[in-house]
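Chemist: Could you have a look at this structure, given as structure tokens, before my questions?
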Amino acid sequence: MTDKYSDRPYHVAMFVSRNKDNKELDGFKQRNRSFLTQKTIEELMPSFEEFAYRGVTNEMSRFYISVNARKHEVIQKMLLHYLIDKPDMSLTNIEKLIASLSMKKGTASTKKFLFDYDGDSTEVSYFIDDVAKAIGFTGDVSAYETPNGFAVVTEKGFDTRELLDKWKDVELKRDAMLFVKAQMQYRYIF
């Protein structure tokens, strides 16, 4: 029997409903779900929509995915060591534990950079051009809209000192979570 995901990379997905986005809502409690997956963003969308639906009326939920793929074998060894060292751990928290271990240093199998661009939206194309020049036009550069600006992702790392000196409204995140979608939960009472 073959695994239908055997040729797919592992990523960490996170669904979160934060206090920051929902502080004005009555009955709101911060929620999150983090897990290791081989599913695509499209395949994860129904799970995210279900997560958002479980919120209170007008609750804002967000979906993030790790920009870098993860090393299954390294994570598996880390999990085994963790379980041996902490035999009293509740297995009800295993999904969150695996996600946490998966984001530790040394677990990324790719080396993508994510730049969090919160500057002027009319200038983002100039920033993307500067990123492309800095990597010598030898790799892909992708831009994604986020709630506060843009995430600019490169396929590989490079020396960013000059770029970050020029662009003050940009933060480099070497192994970060990429914003995918935000969804508000609406309920209508008739």
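A short reminder: the numbers here are calculations on the coordinates, not readings from a lab. Note that the coordinates shown come from a computational prediction; the quantities given were computed from them, not determined experimentally. Using ideal geometry, Cβ is built from the backbone for each residue, glycine included, and neighbour counts are taken over all protein chains shown.
Chemist: Could you identify which residue out of 129, 116, 88 has the top mean-square fluctuation in a GNM of the chain using Cα springs shorter than 10 Å?
Modeler: 88
Chemist: Next question, about the same structure. Can you find, among 142, 158, 132, the residue sitting farthest towards the positive end of the charge dipole of the stretch 113-174, where Lys and Arg contribute +1 and Asp and Glu -1 at Cβ?
Modeler: Toward the positive end, the furthest listed residue is 158.
Chemist: Hey, another quick one. Using the Karplus curve 6.51 cos²θ - 1.76 cosθ + 1.60 with θ = phi - 60°, what ³J(HN,Hα) values do you get for each residue of the stretch 79-88, in whole Hz, with x for Gly and Pro?
Modeler: Result, rounded to whole Hz: 5, 4, 4, 4, 5, 5, 6, 10, x, 8.
Chemist: For the chain, what Kirkwood radius comes out of the mean inverse Cα-Cα distance, in Å?
Modeler: Details: mean 1/r = 0.0538 Å⁻¹.
For the chain, inverting the mean 1/r across all distinct Cα pairs yields 18.6 Å.
Chemist: Moving on. Return a whole-number percent for the relative contact order of the chain, with Cα pairs under 8 Å and 6 or more residues apart as the contact set.
Modeler: On the way: 304 pairs, mean separation 51.2, N = 190.
After rounding, I find 27 percent.
Chemist: Residue by residue through the stretch 15-22, which ³J(HN,Hα) values in whole Hz follow from phi under the Karplus form 6.51 cos²θ - 1.76 cosθ + 1.60 (θ = phi - 60°), with glycine and proline marked x?
Modeler: 10, 9, 10, 9, 4, 3, 8, 9
Chemist: Another question, then. For the stretch 113-174, what relative contact order do you get, as a whole percent, if you take Cα pairs closer than 8 Å and at least 6 residues apart? List each step's numbers first, then the result.
Modeler: Details: 87 pairs, mean separation 30.7, N = 62.
Reported relative contact order: 50 percent.
Chemist: Ok, one more. For the chain, give the magnitude of the charge dipole about the Cα centre (Cβ charges: +1 Lys/Arg, -1 Asp/Glu; no others), in debye to the nearest 20. Don't jump to the answer; show the numbers that get you there.
Modeler: Working: 29 positive and 29 negative charges, 154 e Å.
Here the chain has a charge dipole of around 740 debye.
Chemist: Treating only the Cβ of Lys, Arg, Asp and Glu as charged (+1, +1, -1, -1), what charge dipole size does the stretch 13-81 show about its Cα centre? Round to the nearest 20 debye.
Modeler: About 380 debye.
Chemist: Taking the Cα centre of the stretch 75-129 as origin, work out the dipole magnitude from +1 charges on Lys and Arg Cβ and -1 charges on Asp and Glu Cβ, in debye rounded to 20. Present the calculation step by step, with values, prior to reporting the outcome.
Modeler: Numbers: 7 positive and 8 negative charges, 113 e Å.
Its charge dipole is roughly 540 debye.
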